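A.B. asks: Have a look at this one before I ask anything.
The values are calculated or read from the model by the stated rules, or taken from the named source; none is laboratory data. Note that the structure is a prediction, hence the values are computed from the model and not measured. All Cβ positions, even for glycine, are placed from backbone atoms using ideal geometry, and neighbour counts span all protein chains on display.
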Amino acid sequence: MSRFAHMADIHLGAHRDPVLQHLELEVFSEAFDKCVELKVDFIVVSGDFFHVGIPDLGVVNHATRKMRQVLQAGIPIYVIYGSHDYTPNGTSVIDILDSAGIVTKIVNWKLEDGKIRLRFTTDPKTGAKLTGISARKIGLESKYYEVLDRESLEKEEGFKIFAFHSGITEFTPPQLSMIETVPISNFPKEFGYYAGGHIHQRGEFSLPSYGKVVFPGPLFTGYGKDVETTARGEKRGFYVVGFEDKIRSVDFVEIKAFDGAYFEFDVSGRNSMDAAREIQLGLDQLDVNGKVVVVKIRGELSGGKTSDINFSNIRATLLERGALYVYLNRHGLVSKEFSAVKVLGEDISVIESRVLKENAGALAVSNKSLSGDEGSLRATELLRVLKQGAKMNESKKNYLERMMASSVEILGLKKSLEATE
Ligand SMILES: [Mn+2]
């Protein structure tokens, strides 16, 4: 029996905090070492390998060294782009690693008679046939699925793997409803395994004539929300899949990133002084030594200001008591006396997406692709790209040019600009 490992949403380089940075690279090394130890035949990474298209070179260096060891053990690494490691224009780190022979991109397609035709990459050792669709600008890859030549993919003989980086409408958990999804009917049938990415929640699904559909979830954590779920006990890791002509086994391999401690407190009905005291009492009883601590404070204070709760003090005390890292979430905290701000969500990405969606309708835009849902998706992507700072040694001019070019590409303005030149 042959076996392969399936990972997704590794998000290397996501963290600024040195403790999380260190854990992130350790988890990555551990996962790849585990693949060597388990003697898998190859590894599939379904996108968001890196957190950004052009990550810091230190992170790339660490990852490349580890991947070389895995390659030397005879294990090839097949990848697609995720929404994060895709660069709107220009070259992504994935392209460089592909050129260097460290990873192999398995997305090869051409447009023929208005249809997207995908080619397969055959793994030389096992004969498994791999193909897939990368993420583009967030969500916009769903258009590709609409014009996908599914018939030729379904006819292909052999054990086939379809890698993708999108939510599937039927399998997306309700709390992730703001993510644009692709209906399962737009996927080609008759693949043995559908290697998913993008959904940061582990899930295994089966459907007649579609085989096994798996989302491994993040290997470590890409966002603060992931730190929160891990601290609450969600297991992280990857899948090992056994196959011959068909799937024989699907096993989750846990990679434990850290011990977590989670504290949640709803302040509703209390004034700021009472709330602060109760939070302190609660935290005093929490075992935080050597742990990643997540503190989530929400609800509406009946009196006083939210700033009466001293969060920097809470953080400092927890670190003094031996916490490895403290993640504070108070996006859902408001005060009745100062309630001009309404709570839109308890997570930054949810808040951003709601604000953009709500306001997209209020704008008069002549360009259809900039209005409605597509408009808010483009705005989300624009926000993500503009959040990136300049790279080390990058001049201000080059940085501004890069931001400008990416923005023009995301807004889909390239053609009209060229036309006026
Ligand atoms: Mn991701």
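A.B. asks: Considering only segment 14-28, I want to know if a residue exists there that is within 16 Å of the ligand (Cβ to nearest atom), outside the structural domain of Leu377 (by TED's automatic domain parsing), under 22 Å from Phe215 (Cα atoms) and at pLDDT below 95.
C.D. replies: yes
A.B. asks: With respect to Ser249, determine if the residue is surrounded by fewer than 17 Cβ atoms within 10 Å (Cβ to Cβ), at pLDDT below 95, away from the ligand (no atom under 13 Å from the Cβ) and not hydrophobic (A, V, I, L, M, F, W, C). Quick ask: steps written out before the conclusion?
C.D. replies: Details: surrounded by fewer than 17 Cβ atoms within 10 Å (Cβ to Cβ): yes; at pLDDT below 95: no; away from the ligand (no atom under 13 Å from the Cβ): yes; not hydrophobic (A, V, I, L, M, F, W, C): yes.
It is false that Ser249 is surrounded by fewer than 17 Cβ atoms within 10 Å (Cβ to Cβ), at pLDDT below 95, away from the ligand (no atom under 13 Å from the Cβ) and not hydrophobic (A, V, I, L, M, F, W, C).
A.B. asks: Continuing with the same structure: Please specify each residue of segment 64-91 satisfying the condition of being surrounded by 21 or more Cβ atoms within 10 Å (Cβ to Cβ), within 16 Å of the ligand (Cβ to nearest atom) and not acidic (Asp, Glu).
C.D. replies: Hits for segment 64-91 are Val79, Ile80, Tyr81, Gly82, Ser83, His84, Tyr86.
A.B. asks: What do you reckon, is Ile10 under 30 Å from Arg248 (Cα atoms), aliphatic (A, V, I, L, M) and assigned to a loop (DSSP other than H, G, I, E, B)?
C.D. replies: Against the criterion (under 30 Å from Arg248 (Cα atoms), aliphatic (A, V, I, L, M) and assigned to a loop (DSSP other than H, G, I, E, B)), Ile10 qualifies.
A.B. asks: Kindly list the number of the only condition in (1) assigned to a loop (DSSP other than H, G, I, E, B); (2) among the small types (Gly, Ala, Ser); (3) closer than 26 Å to Lys391 by Cβ that fails for Ser29.
C.D. replies: (1)
A.B. asks: Still on this structure: Condition test on Val292, is it more than 30 Å from Tyr194 (Cα to Cα) and under 23 Å from the mean Cα position of the chain (by Cα)? If you could, list the steps in order and put the result at the bottom.
C.D. replies: Values: more than 30 Å from Tyr194 (Cα to Cα): yes; under 23 Å from the mean Cα position of the chain (by Cα): yes.
Answer is yes for this residue.
A.B. asks: Could we say that Gly237 is in the same structural domain as Thr221 (by TED's automatic domain parsing), at pLDDT 95 or above and in contact with a Ser or Thr (Cβ under 6 Å, 6 or more places away or on another chain) here?
C.D. replies: Values: in the same structural domain as Thr221 (by TED's automatic domain parsing): yes; at pLDDT 95 or above: yes; in contact with a Ser or Thr (Cβ under 6 Å, 6 or more places away or on another chain): no.
Answer is no for this residue.
A.B. asks: Would you please name the residue that is modelled with the lowest pLDDT, looking only at residues in segment 52-84 that are closer than 24 Å to Phe215 by Cβ and of a type in the set (Gly, Ala, Ser)?
C.D. replies: Ser83
A.B. asks: In segment 254-264, what residues are closer than 23 Å to Ser307 by Cα and surrounded by fewer than 18 Cβ atoms within 10 Å (Cβ to Cβ)? First the steps, then the outcome.
C.D. replies: Let us first name the residues in segment 254-264 that are closer than 23 Å to Ser307 by Cα, namely 262-264.
Selection gives Glu264 alone.
A.B. asks: Can you confirm whether Phe191 is at pLDDT 95 or above, of a type outside the set (D, E, K, R), away from the ligand (no atom under 14 Å from the Cβ) and crowded, with 20+ Cβ neighbours inside 10 Å? Steps first, please.
C.D. replies: Numbers: at pLDDT 95 or above: yes; of a type outside the set (D, E, K, R): yes; away from the ligand (no atom under 14 Å from the Cβ): yes; crowded, with 20+ Cβ neighbours inside 10 Å: yes.
For Phe191, the condition - at pLDDT 95 or above, of a type outside the set (D, E, K, R), away from the ligand (no atom under 14 Å from the Cβ) and crowded, with 20+ Cβ neighbours inside 10 Å - is met.
A.B. asks: Filter segment 307-344 down to the residues that are modelled with pLDDT of 90 or more, farther than 25 Å from Gly233 by Cβ and surrounded by 15 or more Cβ atoms within 10 Å (Cβ to Cβ) and list them by number.
C.D. replies: Ile309
A.B. asks: If you don't mind, there's one more thing I want to ask. How many of the residues making up segment 365-391 are touching a residue at least 40 places away in the same chain (Cβ under 8 Å), of a type outside the set (Asp, Glu) and assigned to a helix (DSSP H, G or I)?
C.D. replies: Residues that pass the stated criteria total 7.
A.B. asks: Return the residues of segment 20-63 that are surrounded by 22 or more Cβ atoms within 10 Å (Cβ to Cβ), among the charged types (D, E, K, R) and touching a Phe, Trp or Tyr at 6+ places or on another chain (Cβ under 7 Å); say none if nothing qualifies.
C.D. replies: Across segment 20-63, the qualifying residue is only Glu24.
A.B. asks: What is the one condition in (1) surrounded by 22 or more Cβ atoms within 10 Å (Cβ to Cβ); (2) within 16 Å of the ligand (Cβ to nearest atom) that Ile179 does not satisfy?
C.D. replies: (1)
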